[in-house]
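Here the structure comes first, spelled out in structure tokens, and everything after it is commentary.
The values are calculated or read from the model by the stated rules, or taken from the named source; none is laboratory data. As the structure is a prediction and not an experimental result, all values here were calculated from the model. Methodologically, a virtual Cβ is constructed for each residue, glycine included, from the backbone with ideal geometry; neighbour enumeration extends over all protein chains shown.
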Amino acid sequence: MRHPELFKAIGVKPPRGILLYGPPGTGKTLIARAIASETGAAFFCVNGPEIMSKMSGESEKNLRDLFEQAEAKAPSIIFMDEIDSIAPNRRGGSQGDAGGAGDRVLNQLLTEMDGMSAKKTVFVIGATNRPDIIDPALLRPGRLDQLIFIPIPDEKSRLQIFKSCLRKSPVSRWVDLEALARMTAGFSGADITEICQRACKYAIREEIEKDIARNGMEVEEEEGVAEAEIKVEHFEESMKHARKSISVKDMLKYLSFANSLQQSRGFGSSEFKFNK
């Protein structure tokens, strides 16, 4: 999006979109917002089910209006969360209305993507927890032809998530965030955020209880009141209730899909060379 002139100079069309897929709570929405922020593009965020309407023709109109607004604000990014709800595999018959509203909405989405003006930089980012049920037509070249797997965070990423969640909070210097990152293997970004929020609530509750205890008692002015901070014991209590929202079985399903996707698309030969 930053260098459309390079694509023009090479003689190829710039990519129209990508699909982010992976377990829930891994930060697909945050990644899309970060891309928009880095590129300085206008950001349009919609939820797949919100596009759908019970009124006949309204869903298609919602899509047309969305793409018109994005082109008017170009360069722009359209982020479609839960895109599987408006682009289910028609062969699977998951909607139960072959040729009905579901098909019309999907066809409208494909039409809008194919009809995007080359002069207007509009990029579509889809996100889904169910890449296996998306209609293949949406994943063809010129549409969402780049699929990117967003896994659960590794230890280094978990540490950064802890730091990001607590960047504005008064955390005791005795709290070892690196140890927390090590102990939360298999946790998603959303799971870690929940741990931090719960620890903050314990700290707030402790301060409220102290305030109640002090109520009616005179406190010397020079003594003051200690500032609230999130302590080791708050995180220890929070970790007692911590849970992984993504099972090993679910994670294996995503890895299996990623592997099968690579195999279905094939690989080029690493030994290829032009004859000299």
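As an exercise: evaluate K240 against (1) of a type in the set (K, R); (2) at pLDDT 80 or above; (3) surrounded by 10 or more Cβ atoms within 10 Å (Cβ to Cβ) and give the number of the one condition it does not meet.
Of the numbered conditions (1) of a type in the set (K, R); (2) at pLDDT 80 or above; (3) surrounded by 10 or more Cβ atoms within 10 Å (Cβ to Cβ), the odd one out for K240 is (3).
Looking at S169, S188, can you tell me which residue is exposed (fewer than 15 other Cβ atoms within 10 Å of the Cβ) and among the hydroxyl-bearing types (S, T, Y)?
Unique residue meeting the criteria: S169.
Would you check which residues across segment 18-44 are at positive phi and in contact with a helix residue (DSSP H, G or I) (Cβ under 8 Å, 6 or more places away or on another chain) and list them?
Within segment 18-44, G22, G25, G27 meet the criteria.
Could you tell me whether segment 132-150 includes any residue that is within 18 Å of I192 (Cβ to Cβ) and of a type in the set (A, V, I, L, M, F, W, C)?
yes
Just name the residue that is nearest to K253 (Cα to Cα) out of those in segment 135-147 that are within 17 Å of the chain's Cα centre (by Cα) and surrounded by fewer than 21 Cβ atoms within 10 Å (Cβ to Cβ).
Checked segment 135-147; the qualifying residue nearest to K253 (Cα to Cα) is L147.
Is it fair to say R90 is surrounded by 14 or more Cβ atoms within 10 Å (Cβ to Cβ) and within 26 Å of P4 (Cα to Cα)?
So R90 does not fit the description; no.
Hey, any hits in segment 46-60 for a residue that's part of a strand (DSSP E or B) and farther than 30 Å from R158 by Cβ?
The answer is no; no qualifying residue exists.
Among (1) under 22 Å from T29 (Cβ atoms); (2) in a helix (DSSP H, G or I); (3) charged (D, E, K, R), which single condition is R243 missing?
The one condition R243 does not meet is (2).
Each row is one residue, and each column tells you yes or no for (1) surrounded by fewer than 13 Cβ atoms within 10 Å (Cβ to Cβ); (2) in a strand (DSSP E or B).
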residue	(1), (2)
L6	yes, no
A9	yes, no
I18	no, yes
T26	no, no
T29	no, no
E38	yes, no
N62	no, no
L66	no, no
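Name every residue in segment 155-210 that is closer than 22 Å to E227 by Cα, under 27 Å from the mean Cα position of the chain (by Cα) and either acidic (D, E) or assigned to a helix (DSSP H, G or I) (or both), in order of residue number.
Of everything in segment 155-210, those that are closer than 22 Å to E227 by Cα, under 27 Å from the mean Cα position of the chain (by Cα) and either acidic (D, E) or assigned to a helix (DSSP H, G or I) (or both) turn out to be F162, K163, S164, C165, L177, I195, C196, Q197, R198, A199, C200, K201.
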